[in-house]
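> Below you will find the structure I want to go over with you.
None of the figures in this text is laboratory data; all of them are computed from the coordinates on show. Keep in mind the model is a prediction, meaning the values are calculated, not measured. All Cβ positions, even for glycine, are placed from backbone atoms using ideal geometry, and neighbour counts span all protein chains on display.
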Amino acid sequence: MNAPLLLLGDVAVGDTLPGLDHDVTATTVVLGALASRDWRPMHHDRDFAINRNGTRDIFLNTPNQAAWFERYVTDWTGPTGRLGRMTFRMDTPVFPGDLMSFNATVTLVGTDDAGCGWIDLDVALMVGDVVATTCATRVAVPVDGQDNPWSRHGDDWRP
Amino acid sequence: MSDPVDTGEPMPIPAAVTALIGVTRYEEEGGFAVEHGYIWTTCAAVENANPLFWDDDVAATLTGGPIAPPTMLSVWFRPHHWSPGRSEPAVPLQAHFDLKAELDLPEAIISSNTNTFHEPVRIGDRVRSRQVLRSISEPKTTKLGRGRFWTIDVEYLNQDDRLLGVESYTAFGYRRPADTDQASGDSA
């Protein structure tokens, strides 16, 4: 397995993640909406979005934004990173033509009573200087080279 | 989303609505088993190269076989855009739309949502969901209008009744002030 494997001891509160930029196109929006089985017209019909929703274009749907946040976080942790919890707050829509930029800061590093290693992150999706969506993320990573958060079940998994 | 202001003017919640708090409703099974094609389409849509979803050997080593990205939890439950015998599109999160009608609040936005992930979703799983109204706030006034916040949990379970995850939605249902018509956010 050649993917990066982040261990809990590699991380400290205040660390920042490498940024991720992506140019949003109409394809980004429509592909993301259909992949998440979201058929609502404001995510594929520009005329509907403008004239019924009052927005300037179609815009990224929330489930697809969640998939972007997951990709951003697990690009950093590698495949042993296991998401526990994500809290989203959507402030402004993301449209075709926007350059969306992801950044994140580590806010907590620790282990729970079951011995699972947890990292809390404040993740932001920015468009220019504007925060479009925030996502408080809790992700489990191995505490050492033998640990695997995916092997936890029942009372050993406390997201 | 603007900060809410409590105007102190109570609007009674119908007793029939209060009685729904904590009650499990709309328990149903997804329309199809979890399948790999949607997983690849979703990963492609966000350029997610996580080998857990592309490399069977990695999946076998780490998760005991292929799984779906956790954030796809609700994908397995969204109804088809059309299916035989149905003339109107099915509505996900029915409890939310019920509240809009029952509280006579025609507009609503999802102000935040929290997804909690439990057992991994595996290829072939048949996912069931159920909706639980957790709370309804006192009347609030925001820049959008006057209304109430409510929280609905959608719980997902597999065919063995193991909890896969919970999506907790906080919405603000409201009436627009007569002199504004600006909408923002992911309206629902």
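> Just to confirm a number: summing +1 for Lys and Arg and -1 for Asp and Glu over residues other than A:L34 whose beta-carbon lies under 14 angstrom from that of A:L34, what do you get?
Residues near A:L34 contribute +1 overall.
> Taking each residue in B:55-67, count the Cβ atoms of any other chain within 10 Å of its Cβ, then average. What number comes out?
What the average comes to for B:55-67 is 3.
> Could you state, as a whole-number percent, how many of the C-alpha pairs of the protein assembly as shown are farther apart than 27 Å?
When every Cα pair of the protein assembly as shown is considered, 47 percent fall beyond 27 Å.
> Round to a whole angstrom and tell me the spacing of the C-alpha centers of the stretch B:81-104 and the stretch B:125-140.
15
> Determine the distance separating the Cα centre of the stretch A:5-43 from the Cα centre of the stretch A:94-159; give it in Å without decimals.
So the separation of the two Cα centres works out to 12 Å.
> I'd like to compare B:133-146, B:67-80: which one has the highest average count of other Cβ atoms within 10 Å, and what's the full order after that?
Highest mean packing first, the order is B:67-80, B:133-146.
> What is the P(r) of the stretch A:1-115, as percent of Cα-Cα pairs per 5 Å bin from 0?
Reading the bins upward from 0: 2, 10, 17, 21, 16, 12, 9, 7, 4, 2, 0.
> May I pose another question? To the nearest 0.05, how large is the calculated FRET efficiency for A:D144 and A:F48 if R₀ is 45 Å and r is the Cβ-Cβ distance?
0.30
> Output the 0 to 90 degree angle, nearest 10, between the alpha-carbon long axis of helix A:26-35 and the longest principal axis computed from the alpha carbons of chain A.
60
> Once every DSSP H run of n ≥ 4 in chain A is given -39500 (n - 2.57) and the sum is divided by its residues, what mean residue ellipticity at 222 nm do you get, rounded to the nearest 500 deg cm²/dmol?
It lands at -5000 deg cm²/dmol.
> Now for a separate question. Name the residue farthest towards the positive end of the dipole of the stretch B:1-159 from the options B:N48, B:S135, B:P92, assuming +1 on Cβ of Lys and Arg, -1 on Cβ of Asp and Glu, about the Cα centre.
Going by the Cα projections, it comes out as B:S135.
> For B:R176 paired with B:R134, estimate the spin-label separation in nm (one decimal), with each label point 7 Å from Cα along the Cα-to-Cβ line.
Placing both labels 7 Å beyond Cα along the Cβ direction yields 3.0 nm.
> On to the next question. Taking the alpha carbon gyration tensor of chain B, what are the square roots of 5 times its eigenvalues, largest first, to the nearest whole Å?
Rounded to whole Å, the semi-axes are 36, 18, 16.
> May I pose another question? On the principal axes of its Cα set, how long, how wide and how thick is the stretch B:41-129? Give whole Å, largest value first.
Here the spans come out as 53, 34, 24 Å, largest first.
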